[in-house]
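Read the structure below first, then the notes.
Taken together, the values in this text are just the output of simple stated rules run on the coordinates, not laboratory data. Computed from a prediction, not measured in an experiment: that's the story for all the values here. Note that we place each Cβ from the backbone using ideal geometry, even for glycine, and neighbour counts take in every protein chain shown.
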């Protein structure tokens, strides 16, 4: 039985978010997500177009969910899409970057 398209898109996005939390968003690929879901990589591109757009959607969702791990990864990369993030969220992500090094404000 086929999954509802809205639920499938949400499933792919949630899997991408989890992948980026556990790895790094720059290592995200359609094959990695497809392997996790047991589907073909083309299904990811059906819903998100291409890898660049998929990563952009993950960032938007990370900002929405206040996922500091992914936001911090993108800050290090200096992703321009972070301009849409609230300044206080960026500050929290900066603090998260310093945690492994014992840096505290």
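Taking only Cα atoms and a 10 Å spring cutoff, compute GNM fluctuations for the chain and point out the largest among 37, 90, 17.
Of the options given, 37 has the highest mean-square fluctuation.
Considering just Cα atoms, how many Å³ per residue does the convex hull of the stretch 24-87 enclose?
86
In percent, what relative contact order does the chain have, based on Cα pairs under 8 Å that are 6 or more apart in sequence?
Reported as a whole number, the value is 21 percent.
Take the alpha-carbon centre of the stretch 1-32, take the same for the stretch 44-93, and report the distance between them in whole Å.
14
How would you rank 47, 25, going from fewest to most other Cβ atoms within 10 Å of each one's own Cβ?
47, 25
In degrees between 0 and 90, to the nearest 10, how far off the longest principal axis of the chain does helix 68-77 point, with axes built from Cα atoms?
Result, in degrees: 80.
For 8, 40, what's the fewest-to-most ordering of other Cβ within 10 Å of each Cβ?
Details: 8 16, 40 12.
So the residues, fewest neighbours to most, are 40, 8.
How far, in degrees from 0 to 90, does helix 5-22 lean away from the longest principal axis of the Cα atoms of the chain, to the nearest 10?
Helix 5-22 and the main axis of the chain meet at about 40 degrees.
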